[in-house]
Amino acid sequence: MDQKEELLIGIENVLCLASDLVKEVDRLERVEEECKFLKEQLFLHQFTEPERKVFTLALDGHSVSEMEKILFKGRSTIKKQRQSIMRKLQVSSMQEAIQKMREICSNMYSENGIFSYESRRDFI
């Protein structure tokens with residue numbers, strides 16, 4: 001085999017390796033996206049259904065008084081659920097909880113990081 005043939009075989013091998021690397025990068029990107037999704041799902045499932053409802057209303061900017069009327073629950077119940085949400089997220093205010101939720105779940109929902117109406121309905 002002459003030098004020209006060896007060079008062509010070498011180039012062919014490099015191209016095959018490059019193709020394999022591209023495929024592996026694509027696979028790893030899909031795995032990474034799936035891991036993000038699973039992490040977000042795990043995060044969301046730590047809340048009870050009543051907590052998710054309160055949190056969704058908080059994300060929409062509703063006050064405790066408005067939540068009482070919408071959910072037909074007492075102020076103390078809503079405050080307890082808010083406290084539970086803050087404890088689970090290890091934050092000291094609902095504003096911090098909202099910010100943390102938006103940061104963690106921004107990939108899962110709209111491109112600008114703010115929950116869309118449809119995604120909030122899924123959260124409930």
- chymotrypsin sites (Phe, Trp or Tyr not before Pro) restricted to the range 5-94 and DSSP loop, no more than 13 other C-beta within 10 Å: PHE72
- Lysine pairs in the range 1-90 with alpha-carbon atoms under 20 Å apart, 8 or more places apart or on different chains: how many are there? 11
- Calculate one ³J(HN,Hα) per residue across the range 90-95 by plugging θ = phi - 60° into the Karplus curve 6.51 cos²θ - 1.76 cosθ + 1.60, and present them in order as whole Hz with x for glycine and proline. 6, 10, 10, 8, 5, 4
- Task: Using 0.36 nm per residue of separation minus the Cα-Cα distance, give me the extension gain between PHE72 and LEU28 in nm, one decimal.
- Result: 11.1 nm
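What is the extension gain from HIS45 to LEU8, computed as 0.36 nm multiplied by their sequence separation minus the C-alpha to C-alpha distance, in nm to one decimal?
Working: separation 37, 0.36 × 37 = 13.32 nm, distance 5.56 nm.
Gain on extension, HIS45 to LEU8, equals 7.8 nm.
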- Task: With a/c under 1.5 counting as rounded, go ahead and sort the range 1-74 into rounded, prolate or oblate using the C-alpha gyration tensor (a ≥ b ≥ c being the square roots of the eigenvalues; past the cut-off, prolate if a/b is larger than b/c, else oblate).
- Result: prolate
- Message: Explain nothing, just compute: Karplus ³J(HN,Hα) = 6.51 cos²θ - 1.76 cosθ + 1.60, θ = phi - 60°, for every residue of the range 2-16 in order, whole Hz, x for Gly and Pro.
- Response: 8, 4, 5, 5, 4, 5, 4, 5, x, 5, 4, 5, 4, 5, 5
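None of the figures in this text is laboratory data; all of them are computed from the coordinates on show. Values in this document were obtained by computation on a predicted structure and should not be read as measured data. No Cβ is skipped: glycine too gets one built from the backbone with ideal geometry, and neighbour counts run over all protein chains shown.
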